[in-house]
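K.L.:
Structure in structure tokens, see below.
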Amino acid sequence: MINIAMTKMSKRIRRIILTIAMFVAAISIVIAGYIWYAHNKQPSSQEVVEIPRYSQISDITFDDDKINIYLFWGNGCIHCEHLFEYLTDIWPEYSHYFNFYGFEIWDNQINGQIMDYFMGQLGQPTGQRSTPTLIIGDELFHGYSEDDQSKITDTIVSEWNDRANVQDFTDVLDLNLQPDSDTESTDDSTTSD
């Protein structure tokens, strides 16, 4: 009689342990799936994507798995805004190819100097502030229209595929940039009458 009771209790304990193990396994699978989804999901078209407009040199990183894209733009430039809209549209599909840096150059002297550095490295004239100017890897685009869209995405992919041979501009991090002293404003509000 005692043997039968112990066997029944033993079966009941096994069922309880098995039920608990199945519950823990199910919870573990759900948590692992959620973590994978949260880590790997691409933004949906309903999610608002904010691409960086106001980068600084200290933001620039160089990655073996990505190319860098630099956009030099002007505050109030309608073509720049259209290019930002296009880049926002392609961001979910293409952002895994690149790091993006935006530099406003009409109102920021230091960003203009950063643009001059890139133009000089690419053998282009410096000191000009035409916008938008887009650098994908080491390929240069001046201006923007809808006709440029497929060329931009094709260039992103081709530069990424050839990223081992793309000029990386790492010495941009060594630039010592200062505002031009002849264009600095002085504060006249302290003059007496």
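K.L.:
Please state which of the following conditions D154 fails to meet, knowing it meets all the rest: (1) within 21 Å of D65 (Cβ to Cβ); (2) surrounded by 13 or more Cβ atoms within 10 Å (Cβ to Cβ); (3) modelled with pLDDT of 95 or more.
P.N.:
Result: D154 fails condition (2) only.
K.L.:
Another question, then. Looking only at the stretch 91-108, which residues are surrounded by 15 or more Cβ atoms within 10 Å (Cβ to Cβ) and either part of a helix (DSSP H, G or I) or among the acidic types (D, E) (or both)?
P.N.:
Within the stretch 91-108, W91, P92, Y94, S95, Y97, E104 meet the criteria.
K.L.:
For the stretch 117-138, state whether one or more residues are within 26 Å of W160 (Cβ to Cβ), within 21 Å of the chain's Cα centre (by Cα), assigned to a loop (DSSP other than H, G, I, E, B) and modelled with pLDDT of 90 or more.
P.N.:
yes
K.L.:
Turning to a different aspect of this structure: Tell me yes or no: at least one residue of the stretch 37-57 is under 18 Å from the mean Cα position of the chain (by Cα), open to solvent by 70 Å² or more (accessible area, probe 1.4 Å) and modelled with pLDDT of 85 or more.
P.N.:
Yes, the stretch 37-57 has at least one match.
K.L.:
Right, something else. Just give me the residues in the stretch 48-76 being in a loop (DSSP other than H, G, I, E, B), over 19 Å from I152 (Cβ atoms) and either small (G, A, S) or in contact with a Gly (Cβ under 9 Å, 6 or more places away or on another chain) (or both), in sequence order.
P.N.:
Y54, G76
K.L.:
Of the residues T88, T126, which is open to solvent by 20 Å² or more (accessible area, probe 1.4 Å), under 18 Å from Y54 (Cβ atoms), free of Cβ contacts under 8 Å to residues at least 40 places away in the same chain and hydroxyl-bearing (S, T, Y)?
P.N.:
Exactly one residue qualifies, and that residue is T88.
K.L.:
Pull out all pairs, ordered by first then second residue, where Cβ-Cβ is under 7 Å, the residues are six or more apart or on different chains, the first lies in the stretch 147-165 and is closer than 17 Å to D63 by Cβ and in a helix (DSSP H, G or I), and the second is modelled with pLDDT under 95 and open to solvent by 60 Å² or more (accessible area, probe 1.4 Å).
P.N.:
Close Cβ pairs (under 7 Å, with a partner that is modelled with pLDDT under 95 and open to solvent by 60 Å² or more (accessible area, probe 1.4 Å)) amount to E159/E139.
The values are calculated or read from the model by the stated rules, or taken from the named source; none is laboratory data. All of these numbers come straight from a predicted model, not from anything done at the bench. Here Cβ is always computed from backbone atoms with ideal geometry, including for glycine, and neighbour counts include all displayed protein chains. Just so you know, the surface numbers come from the protein's heavy atoms only, side chains and all, with ligands and any DNA or RNA stripped out. Shrake-Rupley method; radii C 1.70, N 1.55, O 1.52, S 1.80 Å.
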